[in-house]
Amino acid sequence: MPMYRLNAKIQRNDKPALWAWLLAIASPFLLLLVLSLILGQNALNAQPVWTDETAFWRALYSLKEAGLNTGCNGMFEEVATVGTLGTSGIGPILIYGGFVLLFGLSNSTIMLCNAVWISMGMAVFCFLRKPPAVVSILLTLLTLLFPPLIMYSLTSMTELFNYALMLFYLAFLMNYIDLRRPGWLIAVCLTLMLGCLYRPMYCVLFVPVVVAFARGNTGKTILAALAAIALSLGCGIAGLLSAAPTTQGFLYHLLHAPDAGTFIRMLMSNTKADLLDYFAHAPGGVAQFSFRIFYLVMLALAGCGIWVNMRYEEGRLRLQKEFSLHMTCVFLMLGFAFALVIMLYETNDWRDYRRLAPFLWLALLYPLARGRFDLPVISLAGCTVLVALMLLSPAEGVFVDENRFTPVEISPELQEVAQVIQYDEGAEALYDNTVRVDLTSMSVMQALDPRLGLQTGWLSTESTGKCRWILTDYLKCPVNGYERVLEVEGYNVYRRIAE
């Protein structure tokens with residue numbers, strides 16, 4: 001197997017070093033420390049602000065205080081097929097629920113759990129693979145300088161957990177390839193099943209598992225491919241069943257296409273629109289646009305690496321034509337992930353940025369772990385340029401949230417609202433303990449009884465009528481069958497008066 005080493009000294013003498021492993025394990029917390037110094041704020045005090053963040057936090061709050069026995073959570077009065085969880089489904093519960101039940105819940109719990117998960121992933125990778133010091137150092141730098149990791153390190157979302165998932169996946173897969181023991185195969189499959197439960201596009205990562213299991217045997221390839229498809233579909237369907245529908249997303253409408261012809265036309269139309277958004281319209285600021293270019297450059301370099309390899313020989317770098325199966329897998333993974341995002345999702349509002357970034361990070365770690373340094377070193381230089389652009393450009397994403405570090409306060413008016421909207425112990429219908437709300441601040445999430453279900457989203461006449469309660473600052477549309485029961489500064493509460 002060809003390996004590119006930075007120089008002959010590294011190739012001969014570099015050995016595993018505990019200090020380098022500890023550096024890699026501490027890297028997510030080092031990133032939080034650096035951001036604290038830059039922002040002049042304690043990163044450990046960062047709180048949920050975005051709607052997705054507050055929804056994840058509320059799901060964990062309800063789990064801790066009421067288990068899964070709540071009203072209906074979701075958007076626009078759309079409910080999950082199974083259970084009462086919101087649009088995020090079972091994902092946040094599986095990822096963070098154990099931490100919350102063991103250690104409690106604070107406003108920064110999810111953010112801290114993400115850092116812990118990455119540290120655990122680093123620890124497992126170092127323990128199982130015993131990387132040399134240079135690999136551990138580069139792994140640390142790719143964590144500290146990878147723009148998406150920086151962008152989402154202060155958020156209470158599942159974004160950073162994806163990087164921990166990639167570390168577990170890579171460590172288990174490489175151990176299976178090297179040792180051929182079924183326990184490692186089971187471990188890598190369970191890791192991917194967890195990923196597919198909350199992000200179905202991780203089914204792409206079953207492809208290297210199938211290749212490693214079959215080893216060129218046609219019968220085994222077919223059998224493994226069928227098993228991978230079954231696991232992917234099963235986990236994807238289970239995730240969808242546990243999640244309330246997101247009716248604003250393209251995938252929801254695609255899955256509800258009335259016939260095959262409409263399905264194909266919708267797919268082609270969305271693909272065209274996403275390609276235009278990605279290449280021509282380019283929504284977003286410098287961080288998002290530069291990452292899109294960076295992803296395509298890395299995809300092209302991975303393609304070149306299939307046939308061209310760098311070696312250090314006789315005191316200089318040499319290019320050699322040599323086929324690499326490993327780089328073929330990297331190229332196909334990046335290509336398939338890009339194709340899935342373009343066809344099935346949206347390339348606006350950071351969606352492609354969030355979905356593609358973990359795949360790119362994995363694509364850089366895999367050759368690094370195999371001893372090939374060309375793509376990781378080039379990408380590290382690119383990441384350094386991107387971070388410099390982020391620092392020199394107007395702030396984006398999490399860094400423009402003025403109230404990210406502002407303590408949450410429950411005003412007397414909101415306390416009065418919480419006294420009016422009471423949980424009904426004797427209610428027979430789940431919607432009787434559900435609030436239709438278009439206010440998703442952390443103060444609202446904390447004030448309302450955790451047993452109440454919340455239906456969020458912009459108020460419209462069509463998305464009201466089922467919930468017993470409506471909580472809003474002011475009505476944006478006519479509502480039928482409700483009476484106002486409270487009006488205080490900043491809040492109006494309505495109660496259903498007719499079935």
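If you go through the stretch 119-159 one residue at a time, how many are among the aliphatic types (A, V, I, L, M) and farther than 26 Å from Pro16 by Cβ? Show your work before the answer.
Step one: filter the stretch 119-159 for residues among the aliphatic types (A, V, I, L, M), giving 120, 122-124, 128, 133-135, 137-139, 141-142, 144-145, 149-151, 154, 157.
Then drop every residue that is not farther than 26 Å from Pro16 by Cβ, which leaves 150-151, 154, 157.
Adding up the residues that qualify gives 4.
Can you name the condition, by its number, that Leu391 falls short on among (1) touching a residue at least 40 places away in the same chain (Cβ under 8 Å); (2) closer than 21 Å to Trp350 by Cβ; (3) assigned to a helix (DSSP H, G or I)?
Condition not satisfied by Leu391: (1).
Check off (1) at pLDDT below 85; (2) within 26 Å of Met442 (Cα to Cα) for Ser411 and give me the number that stays unchecked.
(1)
Given the criteria closer than 27 Å to Ala238 by Cβ, modelled with pLDDT of 90 or more and not β-branched (Val, Ile, Thr), does Met157 qualify? Give the derivation first.
Numbers: closer than 27 Å to Ala238 by Cβ: yes; modelled with pLDDT of 90 or more: yes; not β-branched (Val, Ile, Thr): yes.
Yes, satisfied.
How many residues does the stretch 33-78 hold that are among the hydrophobic types (A, V, I, L, M, F, W, C), surrounded by fewer than 16 Cβ atoms within 10 Å (Cβ to Cβ) and either more than 21 Å from Ser108 (Cα to Cα) or in contact with a Leu (Cβ under 8 Å, 6 or more places away or on another chain) (or both)?
Here the count works out to 3.
Is it the case that some residue within the stretch 204-221 is hydroxyl-bearing (Ser, Thr, Tyr), surrounded by fewer than 18 Cβ atoms within 10 Å (Cβ to Cβ) and either touching a residue at least 12 places away in the same chain (Cβ under 8 Å) or farther than 27 Å from Ile118 by Cα (or both)?
Residues of the stretch 204-221 hydroxyl-bearing (Ser, Thr, Tyr): 218, 221.
Filter once more, so that each one left must be surrounded by fewer than 18 Cβ atoms within 10 Å (Cβ to Cβ): 218, 221.
Among the residues that remain, those that are also either touching a residue at least 12 places away in the same chain (Cβ under 8 Å) or farther than 27 Å from Ile118 by Cα (or both) are: 218, 221.
Yes: the stretch 204-221 contains one or more residues that are hydroxyl-bearing (Ser, Thr, Tyr), surrounded by fewer than 18 Cβ atoms within 10 Å (Cβ to Cβ) and either touching a residue at least 12 places away in the same chain (Cβ under 8 Å) or farther than 27 Å from Ile118 by Cα (or both).
Tally up the residues in the stretch 29-62 that are under 30 Å from Ser460 (Cα atoms), assigned to a helix (DSSP H, G or I) and in contact with a Ser or Thr (Cβ under 8 Å, 6 or more places away or on another chain), please.
Residues of the stretch 29-62 that are under 30 Å from Ser460 (Cα atoms), as a first pass: 47-62.
Those still in the list that are assigned to a helix (DSSP H, G or I) too: 51-62.
Next, from what is left, pick out any that are in contact with a Ser or Thr (Cβ under 8 Å, 6 or more places away or on another chain): 51-57, 59-60, 62.
Counting residues in the stretch 29-62 that are under 30 Å from Ser460 (Cα atoms), assigned to a helix (DSSP H, G or I) and in contact with a Ser or Thr (Cβ under 8 Å, 6 or more places away or on another chain) gives 10.
Check off (1) surrounded by fewer than 21 Cβ atoms within 10 Å (Cβ to Cβ); (2) under 22 Å from Gly86 (Cβ atoms); (3) of a type in the set (D, E, K, R) for Arg436 and give me the number that stays unchecked.
Exception for Arg436: condition (1).
Can you name the residue in the stretch 63-101 that is of a type outside the set (D, E, K, R), assigned to a loop (DSSP other than H, G, I, E, B) and on the phi > 0 side of the Ramachandran plot and is also nearest to the chain's Cα centre (by Cα) among such residues? Let's see the steps before the verdict.
Step one: filter the stretch 63-101 for residues of a type outside the set (D, E, K, R), giving 63, 66-76, 79-101.
With the extra rule that they be assigned to a loop (DSSP other than H, G, I, E, B), the set shrinks to 67-73, 76, 79-90.
Filter once more, keeping what is on the phi > 0 side of the Ramachandran plot: 67, 76, 83, 89.
Details: Gly67: 24, Phe76: 23, Gly83: 22, Gly89: 13 Å.
Looking at the filtered set, the residue picked out is Gly89.
For the stretch 336-354, indicate whether the set of residues that are surrounded by fewer than 19 Cβ atoms within 10 Å (Cβ to Cβ), hydrophobic (A, V, I, L, M, F, W, C) and within 18 Å of Gly303 (Cα to Cα) is non-empty.
Yes, some residue in the stretch 336-354 is surrounded by fewer than 19 Cβ atoms within 10 Å (Cβ to Cβ), hydrophobic (A, V, I, L, M, F, W, C) and within 18 Å of Gly303 (Cα to Cα).
So how many residues does the stretch 267-284 have that are in contact (Cβ under 8 Å) with a residue 12 or more places away in the chain and either in contact with an Asp or Glu (Cβ under 8 Å, 6 or more places away or on another chain) or surrounded by 16 or more Cβ atoms within 10 Å (Cβ to Cβ) (or both)?
6
Does Val479 satisfy the condition of being under 19 Å from Val49 (Cα atoms) and touching a Ser or Thr at 6+ places or on another chain (Cβ under 9 Å)?
Values: under 19 Å from Val49 (Cα atoms): no; touching a Ser or Thr at 6+ places or on another chain (Cβ under 9 Å): yes.
No: the conditions fail for Val479.
Given (1) closer than 27 Å to Thr247 by Cα; (2) buried (at least 19 other Cβ atoms within 10 Å of the Cβ); (3) modelled with pLDDT of 90 or more, identify the lone condition not met by Gly397.
Here Gly397 clears every test but (3).
Checking the conditions here, which among Ala257, Ala228, Ala287, Ala244 is aliphatic (A, V, I, L, M), surrounded by 18 or more Cβ atoms within 10 Å (Cβ to Cβ) and part of a loop (DSSP other than H, G, I, E, B)?
On the way: Ala257 fails: surrounded by 18 or more Cβ atoms within 10 Å (Cβ to Cβ); Ala228 fails: part of a loop (DSSP other than H, G, I, E, B); Ala287 fails: part of a loop (DSSP other than H, G, I, E, B).
Every option except Ala244 fails the conditions.
State all residues of the stretch 79-99 that are crowded, with 18+ Cβ neighbours inside 10 Å, in contact (Cβ under 8 Å) with a residue 60 or more places away in the chain and either over 27 Å from Leu190 (Cα atoms) or among the aliphatic types (A, V, I, L, M) (or both); if no residue qualifies, say none.
The answer is Val79, Ala80, Leu85, Ile90, Ile95.
Would you check which residues across the stretch 102-148 are among the small types (Gly, Ala, Ser) and part of a helix (DSSP H, G or I) and list them?
Ala115, Ser119, Gly121, Ala123, Ala133, Ser136
Only one of Ala164, Ala123, Ala115, Ala133 is touching a helix residue (DSSP H, G or I) at 6+ places or on another chain (Cβ under 6 Å) and either hydroxyl-bearing (Ser, Thr, Tyr) or more than 18 Å from Leu368 (Cβ to Cβ) (or both). Can you tell me which?
Working: Ala164 fails: either hydroxyl-bearing (Ser, Thr, Tyr) or more than 18 Å from Leu368 (Cβ to Cβ) (or both); Ala123 fails: either hydroxyl-bearing (Ser, Thr, Tyr) or more than 18 Å from Leu368 (Cβ to Cβ) (or both); Ala133 fails: either hydroxyl-bearing (Ser, Thr, Tyr) or more than 18 Å from Leu368 (Cβ to Cβ) (or both).
Unique residue meeting the criteria: Ala115.
Does any residue in the stretch 34-56 that is over 15 Å from Glu402 (Cα atoms) come within less than 8 Å, Cβ to Cβ, of a residue that is among the aromatic types (Phe, Trp, Tyr) and surrounded by 23 or more Cβ atoms within 10 Å (Cβ to Cβ) six or more places away or on a different chain, and which pairs are these?
From residues that are over 15 Å from Glu402 (Cα atoms), the pairs are Phe56/Tyr96.
Filter the stretch 406-430 down to residues that are under 30 Å from the mean Cα position of the chain (by Cα) and either among the charged types (D, E, K, R) or under 23 Å from Met75 (Cβ atoms) (or both), then give me how many there are. Give the steps one after another, and end with the answer.
Going through the stretch 406-430, the residues under 30 Å from the mean Cα position of the chain (by Cα) turn out to be 406-410, 430.
Still in the running and either among the charged types (D, E, K, R) or under 23 Å from Met75 (Cβ atoms) (or both): 408-409, 430.
Final tally of qualifying residues: 3.
The values are calculated or read from the model by the stated rules, or taken from the named source; none is laboratory data. Only a predicted model underlies this, so the values are computations on that prediction, with no experimental measurement involved. When we count neighbours, we look across all protein chains shown, and the Cβ atoms used for this are built from the backbone with ideal geometry, even at glycine.
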